[in-house]
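Working notes, structure below.
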Amino acid sequence: MDVTGKIALVTGAGRGIGKGCALELARHGADLIINDRPGSPNLEPTAEEIRSLGRTCHALEGDVFSRTGCEQLVAQALNVVDHIDVFVSNPAYSRRGKFLEYDPDEFERTMQGTLTSGFHMSQLVARHMVARGAGGKIVFISSVHAGMPYAPCCAYNAAKAGLNHLMRSIAVELAEQRINVNAIEPGWIDTPGEHLTFTDEEFEREGRRLPWGRVGQPAEIGKAATFLCSDDAEYITGTILAVDGCFRYKDCRTPIDRHHPDRD
């Protein structure tokens, strides 16, 4: 899990899973460039946390939902550092809604923010890695939604499924350049965004009913990302790693297992 001396760029790093990835990379020796949307109140506090760990951190605002914004971010990043070893792609946009009533504009924005932005950023960073000729690591933050047709999340489900296959395709093309490309599928993670939908009481109650007995934490996704970005994962590419506490199989248990008295 040693990433000492590596320079990592993490998008969507102001809070939640992106922040968890950035902090864990820093704890294991990487210097960081972190990005969040323009005007984010979370970006600089996260940068200060990283600096308190003794690592260098550059905080760059930027809209990665557009090609122009992605180009500007990568240019800014390479203006403050001379290279990028690691890229963690974590932008996402999600709005729940029933399929028959779903706003077409929201569908387009979900695809743009979750799938298309992943293409733009990874292409731009990969071009830099290939030109540099020293390999690299790219990790996409996907979701268990990629393989689970949850209602009412048709747009998000489709975007994450597309992201998984995009990752596999990129991994095949970049293997000769020794750029490892992988994805992580988080399950139900305790992030600020989730608290907009669920109350603290719902988190506690429903978390106890999951196979692992709780929801996941952003740091747990960060540890998985750090592993995939380390030399220990040198022979892993084109892989999807589920970090979900068995969330995908929560409905595969018997009724007795699902309602264990110790978890109700």
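What are the pairs with Cβ atoms under 6 angstrom where one residue, in region 181-192, is more than 27 Å from Thr237 (Cβ to Cβ) and among the acidic types (Asp, Glu) and the other, located anywhere, is surrounded by fewer than 24 Cβ atoms within 10 Å (Cβ to Cβ) and modelled with pLDDT under 95? Sequence gap at least six, or different chains. Filtered contacts from region 181-192: Asp190/Val215. For region 21-56, the tally of residues that are more than 19 Å from Ala92 (Cβ to Cβ), of a type outside the set (Gly, Ala, Ser) and surrounded by fewer than 23 Cβ atoms within 10 Å (Cβ to Cβ) stands at 11. Only a single item in (1) within 16 Å of Ala225 (Cβ to Cβ); (2) at pLDDT 95 or above is not met by Ala77, and it is number (1). Inspect region 186-203 for any residue being among the polar types (S, T, N, Q) and assigned to a helix (DSSP H, G or I) and give the result as yes or no. No - not one qualifying residue is present in region 186-203. For region 33-72, which positions are among the small types (Gly, Ala, Ser), in a helix (DSSP H, G or I) and over 16 Å from Lys19 (Cα atoms)? Within region 33-72, Gly69 is the sole residue that qualifies.
Out of (1) in contact (Cβ under 8 Å) with a residue 40 or more places away in the chain; (2) within 19 Å of Ala8 (Cα to Cα), what's the single condition that is false for Ala131? Checking Ala131 against (1) in contact (Cβ under 8 Å) with a residue 40 or more places away in the chain; (2) within 19 Å of Ala8 (Cα to Cα), the one that fails is (1). Whenever a residue of region 108-120 is closer than 12 Å to Val64 by Cβ, its partners that are among the aromatic types (Phe, Trp, Tyr) and surrounded by fewer than 22 Cβ atoms within 10 Å (Cβ to Cβ), lying with C-beta atoms within less than 7 angstrom and at least six residues away or across chains, give the pairs Gln112/Phe65; Gly113/Phe65; Gly113/Tyr93; Thr114/Tyr93; Ser117/Phe65.
The values are calculated or read from the model by the stated rules, or taken from the named source; none is laboratory data. A quick note: this is a predicted structure, and the numbers were derived from the prediction, not measured. Methodologically, a virtual Cβ is constructed for each residue, glycine included, from the backbone with ideal geometry; neighbour enumeration extends over all protein chains shown.
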